[in-house]
Amino acid sequence: MSAFSFRRDLISKPIFRWAQQVLPTLSDTEREAIEAGDVWWDADLFSGNPDWGKLLAVPPATLSPEEQAFLDGPVDALCRMLDEWRITWDLRDLPGEVWDFLKRNKFFAMIIPKTYGGLGFSAYAHSEVIRKLSTRSLTAAVTAMVPNSLGPGELLLHFGTKAQQDYWLPRLAEGREIPCFGLTSPEAGSDAASMTDSGVVCRGIWQGREVLGIRLNWHKRYITLCPIATVIGLAFKLYDPDHLLGERNEIGITLALVPTSLPGVDVGRRHLPALMVFQNGPTTGRDVFIPLDRVIGGVAQVGKGWKMLMSALAAGRGISLPSLSAAGTAFAAHTTGAYARIREQFHVPIGRFEAIQERLGRMAATAYLVDAARRLTCAGIDHGHKPAVVTAIMKEQATERLRMVANDAMDVHAGKAVQEGPLNYLGGFYRSVPIGITVEGANIVTRSLIQFGQGAIRSHPYLLKEMTALEDPDRARGLAEFDRAFWGHLGHSVANAFRAWGRAWTGGVFAPAPATGRTRSFYKQLGRYASAFALAVDMALLTLGGALKRQEMLSARFGDILSELYLLSAVLKRWDEEGRQRADLPLVAWCMEDAFATIETRFDAIFANFPNRPVAWVLRFLVLPLGLNQRGPSDRLTRACAEILLNPSATRERLTVDIFHGIGDEGLARLERAFALTVAAQPLRERLHKAHARDIDKARQEGLITEAEAQQLRAAADAVAAAVAVDDFAPEAIAPRQAAAEPVPLTWNPFKRNARAAASAGVRERWGGR
Ligand SMILES: Cc1cc2nc3c(=O)[nH]c(=O)nc-3n(C[C@H](O)[C@H](O)[C@H](O)COP(=O)(O)OP(=O)(O)OC[C@H]3O[C@@H](n4cnc5c(N)ncnc54)[C@H](O)[C@@H]3O)c2cc1C
């Protein structure tokens, strides 16, 4: 240790000892999750003083001409081939020609570089493809999404050996191999690291020769694409009881590529997730032998599977589900606005009723916000970030907001959306919502543990440094590191306390803002909340320490504030990127005012439930001196947002750009036609209304309108009737499907899993239990 230091040895040292008791210790899996990916704009938000210039300088996500051509060409052509009703209810799968088209056009190879025969698309292009496909067929969108998300392709790219990349990536790119990724098992869902799927290092026969390899036993479920996969990216715990690889008995979570053609692999059975028919099912493997070179990354990567997974998830979670959710919110907003315009009750378009406008306004603003956040996140990923906390925010927030918007869309459409059939363009989205909520980290655990739990450690400017120093086995070095981080932390906390106080008591007027006009106050207000957030986080860490991890309700509220700060940053960035369109301002303002109210409500609830009461009182005094000031968007603002969905405009176009609008006589195409004709006929209808005439023929006879105008009105009325129509079925058209849906006897008995359990128990016995 260096010479005596008053600060380090007399002040920092006792604090160092105390902090070792109170600060959360990290399990191996937590540490690996925290070390995966990197920090980005989240770090600015945690600093309490975000640098808006940095946000605005992030180059916007854009498409290359080649990517745009792919969207206009193959994606559009694919959309035209898809009929979701037939896929879901008649075929229960994508038709053969669609599978061929997907493979031929390399939809499964968007993330695979061109050098390996893939498309080598940016995150944004990948997201745009998923977004457009989602508005046509969720089955196709999920099918295309999965090989480009967490799975063999992504893992090979980042961790595969050269030989593995050379062999597998071209095969995946050409669609010769269909991959799936098997992590989840019956006993290990959210706590995936607790899996009991096992691999034992042993010698075995591979292609006629005895080689060193792994004998695998697993039971996975819920695995997307598994029923038709040719290769499983399998996660399992690796054991080496005979010490063939080294000293360790228990090597840890490992990832390997397992061809489904190997003896002992069982795939093919299907789940029906929320009655969606994308391929999803269980798999088991019994005493499946693979050589060691099937481990992704080879022997060097054994036991590093969790870290690899977390690292791949850090970026992927920000693309797939947010894209699908952005598509869903835009699609729901677009269709619901059109429907509210054409559907009349009490002789008035239902979109004129305030209660409907309340929903429409929320839908419009949410669609703006989710897409803004998707674009910003893609831009970050395309500029080399793997922002684990931001992508956890995106996954949870985008899918939750899709749930809210899907509910609103269903409520406004009412019976029209409830009655299933080819004419129903919303039912699939509604049914699929819980899937997005569940996968890639179920939302409750993501909100209450991951966003803030990881964010507080990762994105905080000092905490991880302090924790690492506390765990340093070299105590002298640890103390020196801690001393530096701790005093930096103290300065940060004091600065934030003054900043939070000053900004709260002055309404944020002195907070920095890079803009003039209406959005200037939004930046200032956000700056105010960011400093309050940073202060409250430090106080929570100081007073609760490791216990904060168990206070999930508190943690979730902090997560909500962090999420709102990120989403609102994205909204301001979008407004700026789109040329500060005045007509879009109501949407921006609605997002801000709604989120400000949420943020204050969460602060209020945090302070009300903060275990250390005196600290809670001080925080409330500093941060919310006048109590809850924000009451959410005014009715006037909500009405303005609703109007955007009810009338054609450039803002409506921007909001719902790149939606597939339906073809022929489909439900969506009928709606579009009815909307266009209703809008065009509006002046005529107003004329009739003023003359108290409801009947078109009578109005024609009385000379109120010309014959051409009468025809225009009739065409609009017919189009509306066609758009409002729902399907009905002959009893025999439904009955045979019910018969076919009767459960087929199980060929695989889940209780036989005991056999696998016994096998792994055998493993345990051999090396002395675990
Ligand atoms: C359609 C579909 C497709 C899927 N595709 C794949 C795939 O391709 N590959 C794959 O490996 N997996 C896949 N999954 C699995 C998915 O990732 C898991 O369903 C998910 O991880 C949740 O696990 P679980 O369903 O067992 O829920 P559980 O883990 O049982 O969780 C139940 C509830 O408890 C909550 N919870 C759990 N722990 C905590 C905690 N500490 N604090 C607070 N709340 C908590 C969860 O949020 C959830 O709400 C898929 C699932 C579905 C439904």
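The values are calculated or read from the model by the stated rules, or taken from the named source; none is laboratory data. Bear in mind that the values here come from a model prediction, so they are computed numbers and not experimental data. When we count neighbours, we look across all protein chains shown, and the Cβ atoms used for this are built from the backbone with ideal geometry, even at glycine. Heads up: the accessible areas ignore ligands, DNA and RNA and are worked out on the full protein's heavy atoms, side chains in. Shrake-Rupley method; radii C 1.70, N 1.55, O 1.52, S 1.80 Å.
Quick notes
- Lone qualifier among Pro611, Pro633 - being of a type outside the set (Val, Ile, Thr), in contact (Cβ under 8 Å) with a residue 60 or more places away in the chain and in contact with a Ser or Thr (Cβ under 9 Å, 6 or more places away or on another chain): Pro611
- Residue in segment 690-700 that is open to solvent by less than 40 Å² (accessible area, probe 1.4 Å), outside any helix (DSSP H, G or I) and under 30 Å from Thr329 (Cα atoms) present: no
- When residues in segment 440-488 are screened for being of a type outside the set (A, V, I, L, M), part of a helix (DSSP H, G or I) and more than 16 Å from Val22 (Cα to Cα), 17 of them pass.
- Residue, nearest to the ligand (Cβ to nearest atom), within segment 419-436, restricted to residues that are in a loop (DSSP other than H, G, I, E, B) and buried (at least 20 other Cβ atoms within 10 Å of the Cβ): Leu426
- Verdict on Val211 being over 28 Å from Arg92 (Cα atoms), in a strand (DSSP E or B) and not basic (Lys, Arg): yes
- Annotation: Val726 fulfils all but one of (1) modelled with pLDDT under 90; (2) assigned to a loop (DSSP other than H, G, I, E, B); (3) under 19 Å from Arg343 (Cβ atoms); the unmet one is (1).
- Output for segment 214-245, where each listed residue is open to solvent by 30 Å² or more (accessible area, probe 1.4 Å) and not in a strand (DSSP E or B): Ile228, Thr230, Asp242, His243, Leu244, Leu245
- Flag if Gly453 is in contact (Cβ under 8 Å) with a residue 12 or more places away in the chain, within 16 Å of the ligand (Cβ to nearest atom), on the phi > 0 side of the Ramachandran plot and open to solvent by less than 60 Å² (accessible area, probe 1.4 Å): no
- Selection status of Ser569, in contact with an Asp or Glu (Cβ under 9 Å, 6 or more places away or on another chain), part of a helix (DSSP H, G or I) and among the small types (Gly, Ala, Ser): yes
- Residues considered: Gly281, Gly316. Of these, the only one that is within 13 Å of the ligand (Cβ to nearest atom), under 19 Å from the mean Cα position of the chain (by Cα) and surrounded by 21 or more Cβ atoms within 10 Å (Cβ to Cβ) is Gly316.
- Total residues in segment 132-165, condition more than 16 Å from the ligand (Cβ to nearest atom), farther than 25 Å from Thr329 by Cβ and charged (D, E, K, R): 1
Conditions tested, residue by residue: (1) under 28 Å from Thr143 (Cβ atoms); (2) touching a helix residue (DSSP H, G or I) at 6+ places or on another chain (Cβ under 7 Å); (3) more than 16 Å from the ligand (Cβ to nearest atom).
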position: Tyr167; (1), (2), (3): yes, no, yes
position: Leu172; (1), (2), (3): yes, yes, no
position: Ser190; (1), (2), (3): yes, yes, no
position: Arg209; (1), (2), (3): no, no, yes
position: Trp218; (1), (2), (3): yes, no, no
position: Ile228; (1), (2), (3): yes, no, no
position: Ala235; (1), (2), (3): yes, yes, no
position: Pro241; (1), (2), (3): no, yes, yes
position: Arg248; (1), (2), (3): no, no, yes
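- Leading residue by the ranking (farthest from the chain's Cα centre (by Cα)) among those in segment 599-615 that are of a type outside the set (A, V, I, L, M) and surrounded by fewer than 17 Cβ atoms within 10 Å (Cβ to Cβ): Pro614
- Flag for Ala333 being part of a helix (DSSP H, G or I), open to solvent by less than 20 Å² (accessible area, probe 1.4 Å) and in contact with an Asp or Glu (Cβ under 7 Å, 6 or more places away or on another chain): no
- Single residue of segment 10-32 satisfying the filter (within 13 Å of Phe486 (Cα to Cα) and open to solvent by less than 50 Å² (accessible area, probe 1.4 Å)) that is modelled with the lowest pLDDT: Leu23
- Top-ranked residue of segment 44-69 - restricted to ones that are in a loop (DSSP other than H, G, I, E, B) and within 23 Å of the chain's Cα centre (by Cα), ranked as farthest from Tyr462 (Cα to Cα): Leu63
- The residue that is farthest from Ser432 (Cα to Cα), among those in segment 284-310 that are within 16 Å of the ligand (Cβ to nearest atom) and open to solvent by 20 Å² or more (accessible area, probe 1.4 Å), is Trp306.
- Only one of the numbered conditions (1) modelled with pLDDT of 95 or more; (2) more than 30 Å from the chain's Cα centre (by Cα); (3) part of a loop (DSSP other than H, G, I, E, B) is violated by Gly632, and that is (2).
- Screening the candidates Val494, Val509, Val445, Val439 for the property of being open to solvent by 30 Å² or more (accessible area, probe 1.4 Å), closer than 30 Å to Arg620 by Cβ and within 16 Å of the ligand (Cβ to nearest atom) yields one hit, Val445.
- The residues of segment 93-112 that are within 12 Å of Pro74 (Cβ to Cβ) and open to solvent by 10 Å² or more (accessible area, probe 1.4 Å), listed by number, are Phe101, Lys103, Arg104, Asn105, Lys106.
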